[in-house]
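Have a look at the structure below before the remarks.
The values are calculated or read from the model by the stated rules, or taken from the named source; none is laboratory data. Everything quoted here is computed from the prediction, not taken from an experiment. Counting neighbours? That spans all protein chains shown, and the Cβs are built from the backbone with ideal geometry, glycine included.
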Amino acid sequence: MLKRFFILCSGADADILAESASGEQNKYAGIGATVFFTAIMAFIAASYALYTVFDNYFTAIFFGLIWGLLIFNLDRFIVSTIKKKDNFLDELLQASPRIILAIIIAIVISKPLELKIFEKEIDRVLLEQKNDLTLANKEQIATQYTPSITAIDREIDALKQEITTKETEVNDLYETYIAEAEGRKGTEIVGKGPVYKEKREKHDAALEELVAIKKDNADKIAGLEAQKTELATAYEDQVVNSQPIIDNFDGLMARVTALNELPWLPSFFIFLLFLAIETSPIFAKLLSPKGEYDYKLEDAEGEIKTWVEQKEAQRKVVLQTDFDINDRVYGDLSEEEELYAYKKKIAREMMKKQQDAFYKRQTGIL
């Protein structure tokens, strides 16, 4: 039963093979087994690839099964359409489009399995890419907020500098009126005279201004700091909201790109393996000599072809004979007086009816 199933997979004529030797049956059973297991590998590869896309087992298995059946049908078609000929070059020319198609199928099948085989290495590459993307994303988002934060920092620094400048002025005025009282500067008279009072009043006025500036600037700085906090919060929120997009950067295309960054030799050998599996039925038929099945198939096809050609030739002879008979029949009829007189009578009656109809129409118009 298994042998019959594999023969079915090979696309060979089961009725002809049933009358062939056991070796012929085993050969085509082996070809069919290769076609079947290639379809199984295509199903597994497609299911894994689609799982990375849909992230759902049932969907991936369903479409993977459809893909496996499609590959099975293509491989079966490729193998079954290769006919043995007397010239190897003719066979190779006949098989060349099918070999190209087999190469394409091998690439499509091998790539998802390469992704699974090198999954750990691909995850490492993806992690590096995600880290780079995270840093780049933070820098890109920061460019939206950095100018505003820098402007706020400059404004805060200006307010603080204003306070520092006023404090320096107040300290200088303090030093001036103290020095005046001690007689070290100014009038150099010890004691609190009129000049001392004038400088003291100037210092006290500047001190009041300093207190007012400190209070006013402290409120402004608090407001600016609140703005900075809001901008920092907005920056963090945008980074957090965009991070899931980067975390999900592990789809099929990302994994294929990451695979291309790994050494090419292991992937190439896996591709060669699937290429050998995919093309082995084709080359098995090309390299094997004509067997009993091939001769019987050629004989059956030749019999049908001869029968069709014979029927076509008979139809042409029958048609030509019918033409010849018709020519003779109508030639003989054209010489009969009775047929001539009958057609003349019919023509005369037809012309009378036409004349009567014309007369009635003309009379009606008048």
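So Gly291 ticks every box in (1) of a type outside the set (A, V, I, L, M); (2) over 33 Å from the mean Cα position of the chain (by Cα); (3) within 30 Å of Arg98 (Cα to Cα); (4) modelled with pLDDT of 80 or more but one. Which box is left unticked?
(4)
Looking at the structure I just gave you, is Thr257 outside the structural domain of Tyr145 (by TED's automatic domain parsing) and assigned to a helix (DSSP H, G or I)?
yes
Hey, does the stretch 22-29 have a residue that's assigned by TED's automatic domain parsing to the domain that holds Leu69, assigned to a loop (DSSP other than H, G, I, E, B) and of a type in the set (Asp, Glu)?
Scanning the stretch 22-29 turns up no residue that is assigned by TED's automatic domain parsing to the domain that holds Leu69, assigned to a loop (DSSP other than H, G, I, E, B) and of a type in the set (Asp, Glu).
Quick check on the stretch 215-245: of everything there that is among the β-branched types (Val, Ile, Thr), loosely packed, with under 12 Cβ neighbours inside 10 Å and over 30 Å from Glu167 (Cα atoms), which residue is nearest to the chain's Cα centre (by Cα)?
It comes out as Ile245.
Of the conditions (1) in contact (Cβ under 8 Å) with a residue 24 or more places away in the chain; (2) of a type in the set (A, V, I, L, M); (3) farther than 30 Å from Lys296 by Cβ; (4) surrounded by fewer than 18 Cβ atoms within 10 Å (Cβ to Cβ), Ala46 fails just one. Which one is it?
(4)
Identify, please: which residue in the stretch 141-162 is over 30 Å from Gln243 (Cβ atoms) and without any contact (Cβ under 8 Å) to a residue 12 or more places away in the chain and is, among those, farthest from the chain's Cα centre (by Cα)?
Gln161
Residue-wise test of (1) surrounded by 13 or more Cβ atoms within 10 Å (Cβ to Cβ); (2) of a type in the set (Val, Ile, Thr); (3) in the same structural domain as Ala234 (by TED's automatic domain parsing); (4) in a helix (DSSP H, G or I).
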position: Ile109; (1), (2), (3), (4): yes, yes, no, yes
position: Pro147; (1), (2), (3), (4): no, no, yes, yes
position: Leu159; (1), (2), (3), (4): yes, no, yes, yes
position: Ile163; (1), (2), (3), (4): yes, yes, yes, yes
position: Glu169; (1), (2), (3), (4): yes, no, yes, yes
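Looking at Leu93, Leu89, Leu101, Leu127, can you tell me which residue is surrounded by fewer than 20 Cβ atoms within 10 Å (Cβ to Cβ), in a helix (DSSP H, G or I), of a type in the set (A, V, I, L, M) and outside the structural domain of Leu273 (by TED's automatic domain parsing)?
After applying the criteria, what remains is Leu127.
If the Cβ limit is 8 Å and pairs must be 6+ apart or interchain, which residue in the stretch 50-66 that is closer than 18 Å to Ile109 by Cα and without any contact (Cβ under 8 Å) to a residue 12 or more places away in the chain pairs with which residue that is exposed (fewer than 14 other Cβ atoms within 10 Å of the Cβ) and not polar (S, T, N, Q)?
Here the result reads Tyr51/Tyr57, each pair linking the stretch 50-66 to a residue that is exposed (fewer than 14 other Cβ atoms within 10 Å of the Cβ) and not polar (S, T, N, Q).
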